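**Student:** Structure below; questions to follow.
Any read-out appearing in this document is the output of simple, stated calculations on the displayed coordinates, not a laboratory observation. From a predicted model like this one, the values you see are computed outputs, not experimental measurements. We place every Cβ from the backbone using ideal geometry, glycine too, and count neighbours over all the protein chains shown.
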Amino acid sequence: MTTAQIALTDAEDHALAELAAQTGKTRHDLLREAVGQYLVRFGLPDRLHLLRHGRGLWKDRDDIPSLETLRGEMDRF
């Protein structure tokens with residue numbers, strides 16, 4: 001695990017301290033949770049998710065030649 005130094009405004013620092021007191025978590029834990037949630041929401045998506053999301057993307061298109069047509073074109077050469 002690595003460490004990172006961040007700069008907080010006084011208001012952010014105060015809110016973080018209050019949240020830590022309310023939840024019983026340390027400020028460190030709250031910040032790590034926040035970074036984790038941010039990365040889940042805005043981070044780089046994993047490859048498997050992208051592949052599943054793109055599955056069937058072209059299934060209803062009729063302007064793309066069929067695989068058989070494309071292969072037939074290559075057989076002529």
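**Student:** Which one, Leu70, Gly24, Gly54, projects farthest toward the positive side of the charge dipole computed for the chain from Cβ point charges (K/R +1, D/E -1)?
**Tutor:** Positive-end residue among those listed: Leu70.
**Student:** Kindly provide the helix-only [θ] at 222 nm of the chain, computed as the sum of -39,500 (n - 2.57) over DSSP H runs of four or more divided by all residues, to the nearest 500 deg cm²/dmol?
**Tutor:** -19000 deg cm²/dmol
**Student:** Suppose every Lys and Arg Cβ carries +1 and every Asp and Glu Cβ carries -1, with no other charges. What dipole size does the range 1-67 come out with about its Cα centre, to the nearest 20 debye?
**Tutor:** For this selection, approximately 420 debye.
**Student:** Once you have the alpha carbon radius of gyration of the chain, what is it after dividing by 2.2 N^0.38 Å, with N set to its residue count?
**Tutor:** Against the compact-globule rule of thumb, the ratio is 2.20.
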